[in-house]
Each structure stands twice: as structure tokens, then as C-alpha cells.
Amino acid sequence: GDRDEAIAIFNQVATSQPLTFAAQIARARLVETGAPLPPLIEAPAARTATPLTPVLPAKAAQLVALGLDEDAELHLASNEAEVSAPYGGRETEALCTLYGQLSRAKRRYKVGANAVSFEALMRAPAPADRWSWDCLYPSPYAERVSELEAEYKIPSGLVHSLMRQESGFDPEIRSPVGAQGLLQLMPTTAQEAAKEAGLEGFEPSQVTTPEVNLRLGSFYIAKMLKTFEGSAPLAAAGYNAGPKAVSRWLESAKEHETDVFVARIPYEETRNYVVRVMGNLARYQWLASGEAGVTALALALPKDGRASDDDY
């Protein structure tokens, strides 16, 4: 019941943890109270640097020209010390930039995760540091992902946000429970999605092929968005735990709003998953379009969005 203290707490969360799910919810609460919003993220520190334009080694460049990006990635990964040596003091930046010239992002993301601290994400990057965010939040298969998001009316950045959390951008990865590929599709989910999406001739062995995995995963997250009336947090929960589980939780949370609902998700894995995917989404949207591109979260839960008996 203390409005002023609540506003102070929401401001503190929004400014100290920018672009995280907690910050997005805090901003939604500030809007609800009618309080002014702080900047989405602190302005960058002034820093300049000479642009770095590393060139792919001849063998990697030849492999890329032949469409063999996986082999090019393996070649770079096997020769990182040698490849980055000419860029003394900026070796990681050079590697991230070089990996960014490939369609894949498995190794680029790992280099970024090892080099970029959480503190570096707490303020906007200066132009000289933009590479670090691009490395940690890569956009592989960018053209195809954009096409699929447009086709299925998926919020921009959501497919990459899921991909980052699901597989770390590894097309061949398989989870202990059998989920496969970039968007970690379970065999049954992949088969049902292929049937519903009209993907003729689908074979289970194709699920690790990036084109097929992206198509089916995009179709399925779009299905979750439709089921839960456009709520990205609930769609992400449905993608992880299944729409029927989310629908059960909604039935016992009719008096709650999005922040409390997510905090009360009984599956710890799903609860953390939603928080991370939504944080990913805010950063991808900020990278693409700045503050104006970050979609504000809605506090209200969908009134009627529930899974049907034949949902999967």
C-alpha cells in the first residue's frame, strides 16, 4: 500500500537490471502507477576505437564461398590463436567479427559467453563495444528467421531468443530427453507440427537440418502465441513445458498478473526459462531498433487463452 516506496523499488530494479525480465515487469508496474519511466538502459560510456575489419583466412573464406560454413567454423575454431594473433589486444573482438561472417553462430556465441561479462550488459554499448553484444546475442540464419517471423507473425527477435536458450545455436545438439536441433524439438512435437504446417515428406531425421528445424520451431512458437492470445511469456512457458501445463496453471491464477504468474510457475526449469527468454528478447529488440524497438510487457494475463484437448 506504499505507492512511493513501490515506485522507488520499481525504479531501482528497472535501472539496475536493464532489459531483464525483472526490469521489464518493473517498467510495466511504473506505467500502471502513472510514474515516469527511467531510460530503458544507461547510456554508454564514452569510448572510441579504430574500427576492426579482420579478414577470413583463405581456407575459411573458400569454404564459406562453397557454402560449407560448418567446415569454416571448425577451421577457425582449430586455429583461433593463429587467426587472432595479428590483432593484439583485440583478439576476442577479431574472432567474434570473423565468426560473424558465417551463417552459423555456435562458436561465436561461445566466444562471446567466455569473454563478455554480465556487468558489460548493464549499460548500452558504445559503438566501439557493439561487437561484444553482437557476439553474445548473434543472429544466425538472419534472413530466413526474419522471413519466418513475418510469415507466422512472431515478434521480431523471439526465434533467436528461443534459439539462444534452447541450443546455444548448435544445430546438431540433442538433449538428454531427446529434443533436437536449434530450437530443440521433441520428435512428437516435430511430427505434429510438420503435419499441421503442411511440411510434406517430413522425415524425423530432418529435424536437425537448420531449415526444417527453424520452420517447425517457428510454426510451434506461433501456435503457442495464438493459444495464449499473444502473450510472449506464456508462449515461452508453453514452448518449454507444453500448453496444457500452462493452461492448468492459468486456471489457478485467474486473479494474478504476468509477474506473479511467472514467479509462481511450479516448474523451476520453466520459470527460469521464461525469465531468460524474455531477457533475450529485450536485448535482441534493442540491438535491432534501439529503445523504440523493445516491446513493453503486458501485465494482464489472457482471459480465454487455453490449450484445447488436441494441442501438443
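The values are calculated or read from the model by the stated rules, or taken from the named source; none is laboratory data. Since the structure is predicted, the reported quantities are computational estimates derived from the model, not experimental observations. Cβ coordinates were reconstructed from backbone atoms using ideal geometry, including for glycine residues, and neighbour counts include every protein chain displayed. Each accessible area value is taken on the protein alone, full model and side chains, heavy atoms only, with ligands, DNA and RNA left out. Shrake-Rupley method; radii C 1.70, N 1.55, O 1.52, S 1.80 Å.
Whole-Hz ³J(HN,Hα) for each residue in the stretch 39-45, computed from phi via Karplus 6.51 cos²θ - 1.76 cosθ + 1.60 with θ = phi - 60°, x for glycine and proline: what do you get?
x, 4, 7, 4, 4, x, 6
Return the calculated 222 nm mean residue ellipticity for the chain, to the nearest 500 deg cm²/dmol, obtained by summing -39500 (n - 2.57) across DSSP H runs with n ≥ 4 and dividing by the residue count.
-16500 deg cm²/dmol
Let me know the whole percent of all Cα-Cα pairs from the stretch 173-312 that are separated by more than 21 Å. Each step should come with its number before you reach the end.
Numbers: 4442 of 9730 pairs.
In whole percent, the share of Cα-Cα pairs in the stretch 173-312 beyond 21 Å is 46.
Taking every pair of alpha-carbon atoms in the chain, give the share separated by more than 34 Å as a whole percent.
27 percent
What helices does the chain hold that run 20 Å or longer along their axis, going by alpha-carbon atoms, with a Kyte-Doolittle average of 0.0 or more, using DSSP H for the helix calls?
210-227
Which residues does a label at E70 reach in the stretch 136-171, if reach means a backbone N under 11 Å from a point 7 Å past the Cα toward the Cβ?
Of the residues in the stretch 136-171, 171 have backbone N under 11 Å from the label point off E70.
For the stretch 172-181, just list the computed ³J(HN,Hα) in residue order, Karplus coefficients 6.51, -1.76 and 1.60, θ = phi - 60°, integers in Hz, with x standing in for Gly and Pro.
After applying 6.51 cos²θ - 1.76 cosθ + 1.60, I find 9, 5, 9, 7, x, 9, x, 5, 9, x Hz.
Hey, can you rank 55-66, 153-164, 198-209 by average C-beta count inside 10 Å, highest first?
Averaged packing, sorted descending, gives the order 153-164, 55-66, 198-209.
Collect residues whose amide H, placed 1.01 Å from N in the peptide plane, falls under 5 Å from the amide H of L185; neighbours closer than 5 in sequence don't count.
Residues meeting the amide H criterion: Q180.
Roll a 1.4 angstrom probe over the protein heavy atoms and tell me the percent of accessible area of the chain that is carbon or sulfur.
C and S atoms contribute 52 percent here.
With label points built 7 Å along Cα→Cβ from the Cα atoms of I9 and D304, find their separation and express it in nm.
Output for this residue pair reads 3.5 nm.
What trypsin sites (Lys or Arg not before Pro) does the stretch 219-312 have in DSSP loop regions with at most 15 other beta carbons within 10 Å?
Hits after loop and neighbour filter: K254, R264, K303.
Could you give me the ³J(HN,Hα) list for the stretch 252-264, computed from phi with Karplus coefficients 6.51, -1.76, 1.60 and θ = phi - 60°, whole Hz, x at Gly and Pro?
3J(HN,Hα) across the stretch 252-264, in whole Hz: 9, 9, 5, 8, 9, 10, 4, 5, 5, 4, 4, 5, 9.
Please give the contour-minus-distance gain from A292 to V31: 0.36 nm per residue of separation, less the Cα-Cα distance, rounded to one decimal in nm.
Stretched out fully, the A292 to V31 stretch lengthens by 92.4 nm.
Give me the extension gain from E268 to R144: residue separation times 0.36 nm, minus the current Cα-Cα distance, reported in nm with one decimal.
Length difference between fully extended and current span is 41.4 nm.
Provide the packing ranking of 287-293, 140-146, i.e. peptides ordered by the mean count of other C-beta atoms within 10 Å per residue, highest first.
Order by mean packing, descending: 140-146, 287-293.
Report, by chain and number, residues whose modeled amide H sits under 5 Å from the one on E42, excluding near sequence neighbours (fewer than 5 apart, same chain).
Correct list: A124.
Taking 0.36 nm per residue of separation and subtracting the Cα-Cα distance, what length does fully extending E200 through A126 add?
Full extension of this stretch gives 21.9 nm more.
Binning at 10 angstrom from zero up to the longest distance, how are the C-alpha pair distances of the stretch 103-253 distributed in percent?
11, 37, 34, 15, 3
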